[in-house]
1. Please report, in debye to the nearest 20, how large the charge dipole of the range 204-318 is about its Cα centre when each Lys and Arg carries +1 at its beta carbon and each Asp and Glu carries -1 there.
2. Per 0.36 nm of contour for each residue apart, how much would the distance between K115 and F232 grow if the chain were fully extended, relative to their Cα-Cα spacing?
3. For K179 and D49, FRET efficiency with R0 = 22 Å and r from the beta-carbon atoms, rounded to 0.05?
4. Taking the mean number of other Cβ atoms within 10 Å as a proxy for protection, how do you rank 212-218, 30-36, 181-187 from highest to lowest?
5. May I ask you to compute the full-extension gain from K261 to K220, defined as 0.36 nm times their residue separation minus their alpha-carbon distance, rounded to one decimal in nm?
6. Using only the Cα atoms of the range 141-234, build the gyration tensor, take square roots of its eigenvalues as a ≥ b ≥ c, and label the shape rounded, prolate or oblate: rounded if a/c is under 1.5, else prolate if a/b is larger than b/c, else oblate.
7. Within a Cβ distance under 13 Å of K175, other residues only, what is the Lys/Arg minus Asp/Glu net charge?
8. Set the bar at 32 Å for Cα to Cα. Now go through K70/K152; K24/K220; K89/K291; K42/K194 and name every pair that lies beyond it.
Amino acid sequence: MGYNNILSPRELKLPLGLERFSDKLPKVVLEIGFGNGEYTVKWAAANPDSLVVGLEVSFSCVVRCARRIKDAGLSNLKIIRTDARFMMKELFADESLDMVMMNFPCPWPKTRHAKRRVTAKEFADSLAAVLKTGGVFELVTDEEWYAAEVQKALSGHEALSVSCETDFSRAVTTKYERKWLAMGKKITKLSVTKTKKFTVDRRTWKFDWNNEEDTAMHVKTRKPLPEDGLAFLPCVSGAVGDARWAFSGYYTAADEHNDKKFLVETVASDDEFEQRFYLKVVERDEGVMVKLDGSAKVFLTPAVRFAVEDLARRLADASGVN
Ligand SMILES: C[S@@+](CC[C@H](N)C(=O)[O-])C[C@H]1O[C@@H](n2cnc3c(N)ncnc32)[C@H](O)[C@@H]1O
């Protein structure tokens, strides 16, 4: 059973053309880390004039939320399984979001885990870029120290203005929020308004999304497969700037014409944004074709592209033919 409310990375041109979801572009709202989706689905149902996009890193949460969206019959809520720390700014153009919401994010209290916080590092810059001027980021948390930390980090930003409240009520609440409120626990809400235009550099926008050659992510060599196949491969890695990739193993098969075919386990990361997928190697017209396997649910980032090119180059070098 498929869920058409889950957007698949390979089908997306970046930044997202939001008009594909609605002819008269409504208010566009992003929720980061929607968990089981209870809040998101209720919020989207209560705001039918808004297009809601949810980003969530957990696959099981995405599936649970997709089921809720389907049961509720909503068409104004789309979800994507990805890491918002890297993808928020890649998915959304400058001045494209009316609101960004984040409810009870994982606070990652240990210092050695601090970089896992959604709000770490370049979050302030990314937020300041994607919000519309006058748009708002709303963060609700039960961790006072975390609220104070985010308030401090975002208040220092030239394009953001932050306010904080602890005595507030809202029409839609999360499961834990209701539980904590019933226990008398203090909940903090930060409201962050974008006050002026701001932009950030994007890594994936360097691709020409209208040029199939650019986004197909395949490379063809004119050299034959090395005699011993991909034996040279396991544990080979490479890096260019903050893009890194490694080939950790491979499977061999033959197709119906008895041509050799390989699936190469690949991990590619752009800064901290890591993606795992298979690259396919097939013999083609006296040469070799390296391409993303059809099962690869990846965003086309520089590290993915470098991995494809690097594997093709290594295969050509190992072929022993000049
Ligand atoms: C504590 S739960 C809160 C879930 C929900 N917002 C709620 O209030 O019930 C935090 C959620 O954020 C998700 N998350 C953590 N880091 C993330 C990231 N970098 N990008 C997207 N989602 C993330 C987690 O998988 C988890 O579902």
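The values are calculated or read from the model by the stated rules, or taken from the named source; none is laboratory data. Since the structure is predicted, the reported quantities are computational estimates derived from the model, not experimental observations. Please note: Cβ atoms are built from the backbone with ideal geometry, for glycine as well, and neighbour counts cover all protein chains shown. The accessibility values were calculated without ligands, DNA or RNA, using every heavy atom of the protein model including side chains. Shrake-Rupley method; radii C 1.70, N 1.55, O 1.52, S 1.80 Å.
1. Details: 15 positive and 22 negative charges, 19 e Å.
My answer is approximately 100 debye.
2. Values: separation 117, 0.36 × 117 = 42.12 nm, distance 3.48 nm.
Roughly 38.6 nm would be gained on extension.
3. Details: r = 30 Å, r/R0 = 1.38.
Step by step, r from the Cβ atoms, then E = 0.15.
4. Details: 212-218: 13.3, 30-36: 22.7, 181-187: 11.3.
For the peptides 212-218, 30-36, 181-187, the packing ranking is 30-36, 212-218, 181-187.
5. Working: separation 41, 0.36 × 41 = 14.76 nm, distance 1.40 nm.
In short, 13.4 nm is gained.
6. Numbers: a/c = 3.54, a/b = 2.22, b/c = 1.59.
In terms of gyration-tensor shape, prolate.
7. On the way: positive: K42, R64, R68, R178, K179; negative: E38, D142, E177.
For residues surrounding K175, the net value is +2.
8. Details: K70/K152 39 Å; K24/K220 42 Å; K89/K291 26 Å; K42/K194 26 Å.
As for pairs spanning more than 32 Å Cα to Cα, those are K70/K152; K24/K220.
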